[in-house]
Structures are given as structure tokens and as C-alpha cells.
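Here the structure comes first, spelled out in C-alpha cells, and everything after it is commentary.
The values are calculated or read from the model by the stated rules, or taken from the named source; none is laboratory data. The structure displayed is predicted, hence computed values, not measured ones. We place every Cβ from the backbone using ideal geometry, glycine too, and count neighbours over all the protein chains shown. Side chains included, ligands, DNA and RNA excluded: accessible areas come from the protein's heavy atoms. Shrake-Rupley method; radii C 1.70, N 1.55, O 1.52, S 1.80 Å.
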Amino acid sequence: MTCLELDERLTDYLDGALNADQKAAVDAHLAQCADCAELARDASGAVAFMERTAAVELPPALVGNILAELRVGPSRAVVQPSWIERIFGLRAGAILQPRFAMGFAMTVLSFGMIGRLAGTANPVRILAVAENRLVRTWDRTVKGYENMAVLGDLQDSFTEWRRDNPEDSLEANPEAPGR
């Protein structure tokens, strides 16, 4: 057995998990190699020390206090919430849980299958109609926004023109054509 092989089997040797042939090979190597024997004594002492220590019981509120500190305490700045929690709040993390996601997917799939079987709902058609409405709404919004800028420019131009030409304005000449 080489020193590298002993290093790989040392934990099993100390735990008593080796079979008789492997244990005999480790014992033979430890009898021949002073470095490995010292390593085994140190590791055995560490294991014995850990076994002598008393098991520490955690206070019941420790986990709750740690979680509260991470959520609302000063440590919150260190622990960044996910992007979904930053957008929708802390409770939105439940949406990303596998049970919720799978349940939602199965619900959508079930409604789609029922609609297909009934012949009333075609998911592709529903998506196309929704996309069409979304695109038309977006176009109307953009067009309205752009028209507001044009109307603002026109109003500014008319205000300047009235200020520069008060005699030509309709308020100054009530008998002008178009009145």
C-alpha cells in the first residue's frame, strides 16, 4: 500500500468500515511508514476529541431569529433578495416554488385540453388575439404620446404668433371671417 492509498482509506480505517484484508494492509503500512503512522495518530486523536465533546442543543428561537434578522434586520442589506422578490415583494417567492409552478402549468394545460376537446378554444388563436390586442394598444399609446408632443409644439407656436401679432388674432378682430 502506498501513502496516497492510505490517505484515501484513513477515514474508513478510523471509522472501522474496512474489511479484514484492507485493515491488515493499512496496519502493515502504518507499521512501516512513520509519517503515515503520525498522521493516523493525529487523526485518531481528533476523532476521539470530537466524540468527547457534548452535543450542543440549539435554542428553539435561534432559527427564527436568524431568519428575522436576514429579512428585516440590518443584515438585510448584505443578503440581496431575488429579482422577483424585489419586483413583487417578499411573498412573491412562493410563486417560484416548484409545487405552485407545476400546479399552474397543469391548470393551464388542463384548460387547453378541455377547450381543444370541446372545440371552443384554440390556444394558438387565443394567443394570437391577445398579441394582436396588445400590439394595437401599444401602437395607440405610442401614437397618442407622439401626438401630444406635436400638439404641444403647435400650441407653443400659436401662443408665440398671437403674442407677436395681436392685431391679427381673432380676439382683437371679432368681425374677421370665420367668426
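For residue 79, the conditions (1) at pLDDT below 70; (2) not aromatic (Phe, Trp, Tyr); (3) not in a loop (DSSP other than H, G, I, E, B) are fulfilled apart from (3).
Looking across segment 14-34 at every residue that is at pLDDT below 90 and assigned to a helix (DSSP H, G or I), the one that is surrounded by the fewest Cβ atoms within 10 Å (Cβ to Cβ) is identified as 15. Taking segment 51-63 as the range and being farther than 16 Å from residue 16 by Cα and either assigned to a helix (DSSP H, G or I) or open to solvent by 60 Å² or more (accessible area, probe 1.4 Å) (or both) as the test, the residues that pass are 52, 53, 54, 55, 56, 57, 58, 59, 60, 62, 63.
Looking at 92, 105, 149, 130, can you tell me which residue is in contact with an Asp or Glu (Cβ under 7 Å, 6 or more places away or on another chain), among the hydrophobic types (A, V, I, L, M, F, W, C) and either part of a helix (DSSP H, G or I) or at pLDDT 75 or above (or both)?
92
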